[in-house]
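Shown next, in structure tokens, is the structure this report addresses.
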Amino acid sequence: MKNWYKLDNAAKLFSNVASRKNSSVFRIAVVMQEEVDGSILQKAVDHIYARFPMFFTRMRSGVFWNYMDELGHSFKVVEESGYPCGMIDAKNNNGYMLKILYYYKRISFEAFHSLTDGSGAVEFVKTLVYYYLCFMGKAISPENKILLAEDGVSLDESEDSYSKYCEGLPGKTEKNKNSYKITGTSFSLHGNNITTGIMSAQALNGLAKAHGTTITPYLAAVLVQSIYQSRIKPGNNKSIVVAIPVNLRNLFPSKTMRNFSCVVNLDYNPAKGMDLADIIGDLTARLKEKTKKQCLQRNISNNVRYEQNIAVKFVPLFVKRVFIRFCFDMLGENKKTITLSNVGNITTPADMSPHIKYFEATLYPTQKRPLSCAVCSVDDKLSINFSRTIVEPDIIRRFFSFFANEAGLDVVLYSNDWGIKNE
Amino acid sequence: MSKCRKCEAKTEKGQKICPLCFARIESNDKSDTEYPGYAGMYKAIKYFTVKKLFAFLSIAAGLIFLFLNFYLMKYAHNLWSLVFIAAILFCWGLYKSIKSKKLILAGRVLACYFLISAFLFVIDLYLVFHKWSVVYVIPFLTIALIVFITIITIVQKRSYKDYLGYLLATLFISIYPLFLCFLSLSKVVWPSIATLGYGLLTGIAFYIFMDKDFKVEMKKIFHY
Ligand SMILES: [Zn+2]
């Protein structure tokens with residue numbers, strides 16, 4: 001068994017730009033129907049530990065690149081006490097870059113983004129919850145929808161798919177457009193406020209279909225409109241840019257559990273008119289264009305070619321780090337207004353459904369983008385999770401009011417009240 | 001499900017504050033989606049700490065020394081205050097590195113090594129620069145560092161991977177005294193060459209004795 005992993009393209013980026021206020025930690029959580037038993041959860045983790053060797057690793061420093069090394073000592077689940085998606089300090093976490101937390105009815109999996117992306121995390125959480133329920137004495141048929149501990153690890157699951165599918169000519173990098181930045185009052189204590197809205201996935205899908213589109217561009221359009229209505233003054237010609245992570249496993253036959261997604265920027269200039277139907281049409285067309293296989297292939301090559309450059313390879317990491325941070329700020333962060341990550345519909349075996357209330361996906365906000373949005377659904381319950389480091393809820397209020405009042409959907413809200421209850 | 005009286009948003013049963021308008025919602029239920037309370041994290045913020053007091057005193061002392069130095073320039077024509085300020089910075093640096101939560105023992109020792117050598121260099125520079133720091137003290141300090149880190153790397157069997165990186169860094173550092181000697185145009189170079197030699201021998205010894213493990217770890221550290 002291979003016991004160490006080179007970082008993939010995305011992992012290299014995240015490991016070099018992460019900081020306390022840009023944690024690069026995301027969360028996939030499950031709200032169960034009953035209170036979670038920590039000792040049973042621990043048992044489930046111990047059972048699947050060997051099935052996911054690429055997750056239970058630690059980051060070590062190398063001269064040219066860091067790498068992930070297997071740890072092999074026990075992993076402890078912890079009762080949640082801090083705010084979601086906070087920085088994971090490996091030293092205080094037994095060396096690990098992930099956390100498995102529980103609190104009342106919620107089981108949360110938090111991972112440093114260098115380890116994996118949303119799809120990898122979802123597979124892990126499904127397996128975790130499956131064994132948790134099994135050890136709780138529930139009879140559940142896996143229906144081929146769960147990666148089982150008994151299956152054994154396949155090498156494909158830890159491959160670096162970026163390098164594997166990187167071919168073809170790199171395209172031009174997009175010009176740096178002047179994008180609108182969300183700003184606001186920071187909380188007196190840095191932390192993430194999570195506000196979740198639950199709605200019917202079918203009803204939302206119906207709304208999107210009525211506009212001839214799918215859920216992701218539809219939500220992006222409502223988001224653009226909400227930002228415009230609550231923030232932008234007339235005469236401001238900055239574009240609103242929604243960054244959308246795209247799961248590349250849908251286009252390439254990869255089975256990796258590590259990172260394999262890339263980000264597509266959808267920009268909309270308010271000068272084009274703020275009619276929702278127009279925004280939807282525009283964003284749908286743009287997303288379709290940018291997620292064509294050829295276009296995504298170019299996107300990957302663009303990112304990968306830098307690290308494969310011989311001259312770059314042999315520059316010590318601390319020098320590269322300076323450049324990576326600079327490029328991340330200038331080419332990544334400065335171009336975006338908000339990230340909207342749709343993890344999609346999570347398919348679970350029928351026997352699991354009665355035990356699960358909601359699935360939640362939560363994305364970390366960053367210093368320049370203090371508001372982030374992540375979406376996922378299980379059965380008919382779709383959850384939209386906003387995380388923010390600013391007090392102002394105006395954009396979120398607009399967004400959910402649109403669905404509750406104008407679209408006529410039933411939206412049920414809840415929050416962790418960070419910065420609101422204690423201030 | 002409850003409803004906010006102010007903005008009419010529907011909220012999960014047990015949610016006590018409306019997430020959209022912050023109005024209170026009367027409820028005695030516990031929400032299924034309950035998060036932990038964060039009051040403890042707010043209580044943990046301290047406005048007065050001994051560390052903050054020392055930070056203030058250090059800055060005050062530095063400014064006072066600087067002022068006195070310039071004010072008394074006509075009696076003593078040197079910049080003695082800068083040495084005091086260097087000493088204050090040195091103490092803070094030592095405190096930070098020893099208390100560091102990020103670094104393991106080897107890292108803390110390495111940080112102290114750099115601080116001590118820099119501080120000695122400053123003092124040497126202030127005392128008409130006889131070059132005793134670069135010629136003798138820093139090379140022997142470097143050898144002591146290599147010996148120390150070699151020992152902890154061998155003793156800490158369980159986490160020897162953590163220390164290996166530091167050991168390598170230390171071996172690279174054995175070139176540093178020689179480099180300093182050239183920079184300061186010193187004619188006495190044997191202590192620096194001895195240091196370099198010692199570093200080289202330590203590296204060769206590790207390569208021979210640690211065998212396979214060591215080579216695998218080298219491959220990881222130097223992969224590109
Ligand atoms: Zn309200």
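The values are calculated or read from the model by the stated rules, or taken from the named source; none is laboratory data. Values in this document were obtained by computation on a predicted structure and should not be read as measured data. Here Cβ is always computed from backbone atoms with ideal geometry, including for glycine, and neighbour counts include all displayed protein chains. Note: areas computed on protein heavy atoms with side chains; ligands, DNA, RNA excluded. Shrake-Rupley method; radii C 1.70, N 1.55, O 1.52, S 1.80 Å.
Annotation for segment A:106-124: at least one member residue is buried (at least 22 other Cβ atoms within 10 Å of the Cβ), basic (K, R) and either without any contact (Cβ under 8 Å) to a residue 60 or more places away in the chain or outside the structural domain of A:M352 (by TED's automatic domain parsing) (or both). Within segment B:186-224, take every residue that is over 21 Å from B:Y176 (Cβ atoms), touching a strand residue (DSSP E or B) at 6+ places or on another chain (Cβ under 9 Å) and not charged (D, E, K, R) and give me the one that is nearest to the other protein chains (Cβ to nearest Cβ). For segment B:186-224, the residue satisfying everything is B:H223. Of all residues in segment A:31-45, those satisfying the criterion of being in contact (Cβ under 8 Å) with a residue 24 or more places away in the chain and open to solvent by 50 Å² or more (accessible area, probe 1.4 Å) are A:Q33, A:E34, A:E35, A:D37, A:K43. Which residue is nearest to the ligand (Cβ to nearest atom), if the candidates are limited to segment B:22-35 and must be under 22 Å from A:I384 (Cα atoms) and open to solvent by 10 Å² or more (accessible area, probe 1.4 Å)? Looking at residues that are under 22 Å from A:I384 (Cα atoms) and open to solvent by 10 Å² or more (accessible area, probe 1.4 Å), I get B:A23.
Just one of the listed residues (B:K43, B:K13, B:K102) is under 30 Å from A:A404 (Cβ atoms) and within 14 Å of chain A (Cβ to nearest Cβ), and it is B:K13. When B:F54 is tested against (1) more than 13 Å from the ligand (Cβ to nearest atom); (2) within 11 Å of chain A (Cβ to nearest Cβ); (3) surrounded by 12 or more Cβ atoms within 10 Å (Cβ to Cβ), exactly one condition is not met: (2).
For segment B:146-169, how many residues are part of a helix (DSSP H, G or I) and either within 14 Å of chain A (Cβ to nearest Cβ) or under 17 Å from B:I193 (Cβ atoms) (or both)?
Count: 11.
Taking the listed residues A:I356, A:I384, A:I395, the one that is surrounded by fewer than 22 Cβ atoms within 10 Å (Cβ to Cβ) and within 14 Å of chain B (Cβ to nearest Cβ) is A:I356, with no other qualifying.
Residues are listed down the side, and each one gets a yes or a no for (1) away from the ligand (no atom under 16 Å from the Cβ); (2) assigned to a helix (DSSP H, G or I); (3) open to solvent by less than 70 Å² (accessible area, probe 1.4 Å):
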residue: B:L20; (1), (2), (3): no, no, yes
residue: B:I45; (1), (2), (3): yes, no, yes
residue: B:A60; (1), (2), (3): yes, yes, yes
residue: B:L63; (1), (2), (3): yes, yes, no
residue: B:N69; (1), (2), (3): yes, yes, yes
residue: B:G93; (1), (2), (3): yes, yes, yes
residue: B:I98; (1), (2), (3): yes, yes, no
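Scanning for something farther than 30 Å from A:D160 by Cβ, open to solvent by less than 10 Å² (accessible area, probe 1.4 Å), part of a helix (DSSP H, G or I) and touching a residue at least 24 places away in the same chain (Cβ under 8 Å), does segment A:229-241 turn up at least one residue? For segment A:229-241, residues farther than 30 Å from A:D160 by Cβ, open to solvent by less than 10 Å² (accessible area, probe 1.4 Å), part of a helix (DSSP H, G or I) and touching a residue at least 24 places away in the same chain (Cβ under 8 Å): absent.
Within segment A:411-423, the set of residues being at the interface with chain B (Cβ under 7 Å from one of its Cβ atoms) and open to solvent by 20 Å² or more (accessible area, probe 1.4 Å) comprises A:V412, A:I420, A:K421, A:N422. Taken as a whole, the structure places A:S401 among residues that are open to solvent by 20 Å² or more (accessible area, probe 1.4 Å), free of Cβ contacts under 8 Å to residues at least 24 places away in the same chain and among the small types (G, A, S).
Anything in segment A:46-84 that is over 26 Å from A:K6 (Cβ atoms), more than 10 Å from chain B (Cβ to nearest Cβ) and crowded, with 20+ Cβ neighbours inside 10 Å? List them, or say none.
Across segment A:46-84, the qualifying residue is only A:V77.
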